[in-house]
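**Student:** Below: one structure in structure tokens.
The values are calculated or read from the model by the stated rules, or taken from the named source; none is laboratory data. Just so it is clear, the structure is predicted and the values come from calculations on it, not from any experiment. Using ideal geometry, Cβ is built from the backbone for each residue, glycine included, and neighbour counts are taken over all protein chains shown.
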Amino acid sequence: MELKWLEDFLSLAETRSFSRSAEARHVTQSAFSRRIQALELWLGVGLIDRSTYPTNLTPAGRRFRETAEETVRMLHASRFDLRAGTGTGGAVVSVAALHTLSLAFFPAWFRGIEARTGPLGTRLLAGDFHDCLQALAEGAYDFLLTFHHPSVPILLDPDLYPHRVIGCDALVAVHSPACPDAPMPRLAYAPDTFLGRVSLFAEAKGEGPSGRVAHVNAMAEALKAMALEGHGLARVPRSLVSRDLTDGRLVATGADVPLEIRLYRNRARTRAAVEAVWAAAEPYAASA
């Protein structure tokens with residue numbers, strides 16, 4: 001087994017084309033095909049259905065894809081952590097953070113952390129709720145930075161993954177001043193996303209915009225961009241649009257939906273840098 005075989009397989013699963021994946025992996029198509037065959041030989045099952053075009057995965061290939069993704073991600077994360085611990089770059093902590101928090105909260109918050117700990121290196125995964133939660137639970141990251149709302153419980157064992165509330169935010173409905181009057185189209189989250197589930201909860205209680213959905217997106221940043229261009233009304237974290245509201249580029253309407261900002265840690269990861277960040281986060285918890 002070679003790591004490059006897994007990376008080849010994941011590339012092929014994404015592109016569904018031997019030629020495009022070979023080009024992306026900087027090898028000839030024949031060499032790429034041999035490496036895929038070597039992986040199938042090692043596993044003892046066929047992963048690729050070569051009778052179709054575009055290329056499809058076999059049922060075994062579809063099952064193996066998740067394993068390959070997790071294996072590659074964890075190997076690269078472990079390599080990074082080992083190099084960070086033995087190199088000359090100093091201590092490094094890893095944080096999995098929701099997209100919005102990685103942009104609107106993490107930079108200033110971590111500057112405050114470093115004021116207490118001294119300079120630290122960081123490795124940041126900016127992802128969706130599921131990926132960030134999985135990264136923490138699988139031991140690939142030290143911390144999880146996430147929003148919390150009672151309608152979306154975070155099912156982590158508090159003994160293994162304790163948390164601190166380190167800030168607050170709120171979902172606010174916004175639109176461009178140039179947007180046509182009601183009924184205003186809605187810009188909505190995908191229903192399986194964290195903020196999508198919070199928005200659905202608020203709407204079920206009658207706390208929020210109604211009307212036809214003109215656009216669906218998983219990212220608050222994308223909904224904000226659509227709102228700025230006058231496409232409709234979006235519910236986004238206030239921290240993401242505070243400057244736009246002050247400058248008049250967006251207008252808020254309706255009641256806010258309060259959100260906590262939580263920092264979870266993986267208690268099994270006990271390096272000195274991790275303990276220092278956890279201790280430095282305590283004052284934020286006291287003031288939240």
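**Student:** For segment 256-288, which residues satisfy the criterion of being assigned to a loop (DSSP other than H, G, I, E, B) and either exposed (fewer than 13 other Cβ atoms within 10 Å of the Cβ) or touching a Ser or Thr at 6+ places or on another chain (Cβ under 8 Å) (or both)? First the steps, then the outcome.
**Tutor:** Step one: of segment 256-288, the residues assigned to a loop (DSSP other than H, G, I, E, B) are 266-271, 281, 288.
Those that are assigned to a loop (DSSP other than H, G, I, E, B) and either exposed (fewer than 13 other Cβ atoms within 10 Å of the Cβ) or touching a Ser or Thr at 6+ places or on another chain (Cβ under 8 Å) (or both): 268, 270.
**Student:** Another question about this same structure. Within segment 23-41, how many residues are assigned to a helix (DSSP H, G or I) and within 23 Å of residue 67 (Cβ to Cβ)? Step through it out loud before you land on a result.
**Tutor:** Step one: list which residues in segment 23-41 are assigned to a helix (DSSP H, G or I), which gives 23-24, 29-41.
From what's left, within 23 Å of residue 67 (Cβ to Cβ): 24, 32-41.
The number of residues fulfilling the criteria is 11.
**Student:** Of everything in segment 198-216 that's under 19 Å from the mean Cα position of the chain (by Cα) and modelled with pLDDT of 90 or more, which residue is farthest from residue 149 (Cα to Cα)?
**Tutor:** Going through segment 198-216, the residues under 19 Å from the mean Cα position of the chain (by Cα) turn out to be 198-199, 216.
If we keep only those that are modelled with pLDDT of 90 or more too, we end up with 198, 216.
Working: 198: 7, 216: 21 Å.
Once the filter is applied, the top-ranked residue is 216.
**Student:** Going by the structure shown, is residue 49 out of contact with any Ser or Thr (no Cβ under 6 Å at 6 or more places or on another chain) and acidic (Asp, Glu)?
**Tutor:** Numbers: out of contact with any Ser or Thr (no Cβ under 6 Å at 6 or more places or on another chain): no; acidic (Asp, Glu): yes.
Answer is no for this residue.
**Student:** Which of the residues that make up segment 171-194 are surrounded by fewer than 16 Cβ atoms within 10 Å (Cβ to Cβ) and touching a helix residue (DSSP H, G or I) at 6+ places or on another chain (Cβ under 9 Å)?
**Tutor:** First, the residues of segment 171-194 that are surrounded by fewer than 16 Cβ atoms within 10 Å (Cβ to Cβ): 177-178, 180-183, 190-192.
Passing the criteria: 190, 191, 192.
**Student:** Ok, one more. Tell me, which helices (runs of 4 or more DSSP H) wholly within segment 83-186 include 1 or more residues that are modelled with pLDDT under 90 and among the acidic types (Asp, Glu)? Spell out the reasoning first.
**Tutor:** Numbers: elements: 99-104, 106-117, 129-137.
Result: 129-137.
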